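Please read the structure below before turning to the comments.
The values are calculated or read from the model by the stated rules, or taken from the named source; none is laboratory data. Treat the numbers as computed from the prediction; the structure is a model and nothing was measured. Because the Cβ atoms are built from the backbone with ideal geometry, glycine has one as well, and the counts that use them run over all protein chains shown.
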Amino acid sequence: MITYYDPKTEPAVNQSADLSKDLGTPPSKSTVQVSVQIDGVNIVVPEGTSVLRAAAIADINIPKLCASDNLEAFGSCRLCAV
Amino acid sequence: MNHSPSDDSSIPVASRKIFVSLDTTARSRGSDKVAKQVESILNSQPELAATLVRNGSRGMFWLEPLLEINTPKGRVAYGPVKAEDVNDIINLHCFDDVIEHPLCLGLTEELPWFKSQQRLTFARVGIIDPIDVDDYISHGGFVGLTNAFAKTAQQIVDEVKESGLRGRGGAAFPTGIKWQTVLNEPEQQKYIVCNADEGDSGTFADRMLMEGDPLVLVEGMIIAGLSVGADQGYIYLRSEYPQAHDILNKAISNAKTAGYLGDNICGTEHNFHLEVRLGAGAYICGEETSLLESLEGKRGLVRAKPPLPAIEGLFGQPTVVNNVISLASVPYILSHGGDSYRDFGMGRSRGTLPIQLAGNIAQGGLVELAFGISLNELLQQYGNGCKSKRAMRSVQVGGPLGAYLPAEQWDTALDYEEFASIGAVLGHGGIVVFDDTVDMAAQARFAMEFCEVESCGKCTPCRIGAVRGVEVIDKILNNESDEQGRQDSVELLHDLCDTMEFGSLCAMGGMTPFPVRSALKYFPDDFLPQPSTQKAQ
Ligand SMILES: Cc1cc2nc3c(=O)[nH]c(=O)nc-3n(C[C@H](O)[C@H](O)[C@H](O)COP(=O)(O)O)c2cc1C
Ligand code: SF4
Ligand code: FES
């Protein structure tokens, strides 16, 4: 059976976040929280969260092409390399 | 030679042996013809009562085909031997002494090239019958495994950590730490994968080992299985090694018959199954994640890390991926102790490295030595200069992605950190030598071209960068009049190299700049406009 991903009907995936925004990589399942500072902005995210996603949650825009929060990181275009 | 045979100084008739190698390099130099000739003589003169053993190579490739005869003093070597020399050698030789013959080299183990080596991993290569389990055991085989049975998984991993062994496939990652990661994963299906793709130019250590002593690799993989809790192993072998394929399969089948592979190995509660899988000729399938894709039956596309293969590897399960030499060094570590292995080497490079001398070199072959020897000693003492007898100009160490080193860097010691400090890599220990006729600009262009051909195509800096790299180098080389334009192109090439080095997903695109930049830096004259006579097309 084919199942389609629909962000509107699967709120669990994008929890806290604004559904109109793609955070780059799927959420981490870890229950351990870590704090990071990106460009001077402090943010707390679950352990295993990608830098791309943490930055997006903190409203810091890192350009990306092949990354999407409904796919595992693919790493093909390298646009997001910082 | 003046020797009077007495009873206790001659080899008993039953153990008279003649050795001719079945190694691919030896065969390419005619060892099969020599072996055939030996066989027909032994058949027609049954009174000689000797047997022919097809062993691995001793690694002195310029002396192949090498023929050895066992005597009370040790094995006597003759080489390079042609089929027509065989009759003479066998019939002059009474199996009890070194005879005088133009091809006689004396005792094999006294040859300076061989004697000065520290053969730990290659201890049995060229000595035993590769697929004979009893011969393997009588030369110290399976001692490491027996010791491993008496240890817990953690104790085995600790022993490997203690040895300081770092991966010999290229990245030099500590093997013990990799095993620890896999051991730490909860109990589930885990795998041991041996990387036998050996794609680096000028390398043959993996092949020589698999053809000369495949059981040491089998033993290393069983120990790895015990240490992390894996009961299935795969050897991913490049398809260009048909002889190694054949020998590995025979060795595995013999090990199974002898109870070392399968269920309840050696009467213990442990299981270990082992299979050989063939690649299909792609360089990138030597990269571990691409290799795993290929093993799973997919196109060899590199995976993004994390997750590490140690956590999600083959079929998504925790997997140890190690090079042939890394795994084959483990039995020594378990039989002699991690500290004994650690006693060899320098700095953070512990143990020995099987170094492969190739390219334009008079005495090519395999030299296993502790880390720390200088390149110069290897090139001159062991290699004896260029085969062409011309001046040596450049050497490339560590395969097609390794830097080209000019003469002023040849005093560098073979050590991972020393090499890193001059912007070079040791990689798998392959050294390719070039004489003064080499065109380094062409070599730089070739590096980009190689990347273009072998790229898996997944990421942009490598897939597109390599194509642009070839174009820019062509632009530099074909620019005869506009010096400013030429310099701009050189700058562009550096810029492109930065993008590839820092932006690529794996070391294929990430290291292609090494040979390009080192050629540009140390051999800049080769990139200048050449007199138009050479440019004529
Ligand atoms: C382009 C590329 C090609 C590689 N080819 C090989 C190879 O042919 N054999 C090998 O053992 N490792 C190769 N490696 C290194 C592997 O990715 C990996 O590091 C190695 O198998 C790990 O084993 P080790 O820790 O025992 O060295 C290659 C890496 C890259 C990036
Ligand atoms: S660097 Fe090249 S080989 Fe490696 S993932 Fe990118 S495209 Fe593939
Ligand atoms: S967006 Fe990061 S590699 Fe494509």
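Things worth noting here:
- Of the helices (runs of 4 or more DSSP H) contained entirely in the range B:377-479, those carrying at least 2 residues that are on the phi < 0 side of the Ramachandran plot, more than 23 Å from the chain's Cα centre (by Cα) and of a type in the set (A, V, I, L, M) fall at B:440-454, B:460-478.
- Residue selected from the range A:35-61 under the condition surrounded by fewer than 18 Cβ atoms within 10 Å (Cβ to Cβ) and either in contact with an Asp or Glu (Cβ under 8 Å, 6 or more places away or on another chain) or of a type in the set (A, V, I, L, M) (or both), by the criterion nearest to B:L301 (Cα to Cα): A:V51
- Some residue of the range B:280-287 being within 14 Å of chain A (Cβ to nearest Cβ), surrounded by fewer than 17 Cβ atoms within 10 Å (Cβ to Cβ), at pLDDT below 95 and within 16 Å of ligand 1 (Cβ to nearest atom): no
- In the condition set (1) in a loop (DSSP other than H, G, I, E, B); (2) under 30 Å from B:A413 (Cβ atoms), B:A310 is compliant with all but (2).
- Every listed requirement among (1) crowded, with 23+ Cβ neighbours inside 10 Å; (2) over 21 Å from B:L22 (Cα atoms); (3) modelled with pLDDT of 95 or more is met by B:G170 save one, (3).
- Residue selected from the range B:184-206 under the condition surrounded by fewer than 20 Cβ atoms within 10 Å (Cβ to Cβ) and over 26 Å from B:E417 (Cα atoms), by the criterion nearest to ligand 2 (Cβ to nearest atom): B:E185
- Failed criterion for B:T460 (all others in (1) away from every other protein chain (no Cβ under 14 Å); (2) hydroxyl-bearing (S, T, Y); (3) within 16 Å of ligand 2 (Cβ to nearest atom) hold): (1)
- Tally, over the range A:4-60, of residues that are farther than 20 Å from A:C80 by Cβ, basic (K, R) and at pLDDT 75 or above: 1
- Residue check, B:K305 at pLDDT below 95, closer than 27 Å to B:V453 by Cβ and not aromatic (F, W, Y): yes
- Selection status of B:L505, within 14 Å of another protein chain (Cβ to nearest Cβ) and either farther than 26 Å from B:V302 by Cα or part of a loop (DSSP other than H, G, I, E, B) (or both): yes
To keep it simple, each residue is scored yes or no on (1) within 14 Å of chain A (Cβ to nearest Cβ); (2) among the hydrophobic types (A, V, I, L, M, F, W, C); (3) closer than 24 Å to B:I222 by Cβ; (4) assigned to a strand (DSSP E or B).
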residue: B:S290; (1), (2), (3), (4): yes, no, no, no
residue: B:L301; (1), (2), (3), (4): yes, yes, no, no
residue: B:A304; (1), (2), (3), (4): yes, yes, no, no
residue: B:N322; (1), (2), (3), (4): no, no, yes, yes
residue: B:S340; (1), (2), (3), (4): no, no, yes, no
residue: B:I361; (1), (2), (3), (4): no, yes, no, no
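- Cβ-Cβ under 7 Å pairs, at least 6 apart or on other chains, the range B:456-474 side under 13 Å from B:L505 (Cα atoms) and in contact (Cβ under 8 Å) with a residue 60 or more places away in the chain, far side among the polar types (S, T, N, Q) and within 14 Å of ligand 3 (Cβ to nearest atom): B:K458/A:S76; B:C459/A:S76; B:C459/B:S504
- Taken over the range B:461-519, residues that are of a type in the set (S, T, N, Q) and in contact with a strand residue (DSSP E or B) (Cβ under 8 Å, 6 or more places away or on another chain) amount to 1.
- Matching residues in the range A:59-82 - criterion: being without any contact (Cβ under 8 Å) to a residue 40 or more places away in the chain and either more than 16 Å from ligand 2 (Cβ to nearest atom) or aromatic (F, W, Y) (or both): A:D59, A:I60, A:N61, A:I62, A:P63, A:F74, A:V82
- Members of the range A:32-82 that are within 14 Å of another protein chain (Cβ to nearest Cβ) and in a helix (DSSP H, G or I): A:V51, A:L52, A:R53
- Looking only at residues in the range B:475-509 that are of a type in the set (A, V, I, L, M, F, W, C) and within 16 Å of ligand 2 (Cβ to nearest atom), the one that is surrounded by the most Cβ atoms within 10 Å (Cβ to Cβ) is B:M500.
- Filtered residues of the range B:335-362 (kept if over 30 Å from B:E159 (Cα atoms) and surrounded by 18 or more Cβ atoms within 10 Å (Cβ to Cβ)): B:L357, B:A358, B:G359, B:N360, B:I361
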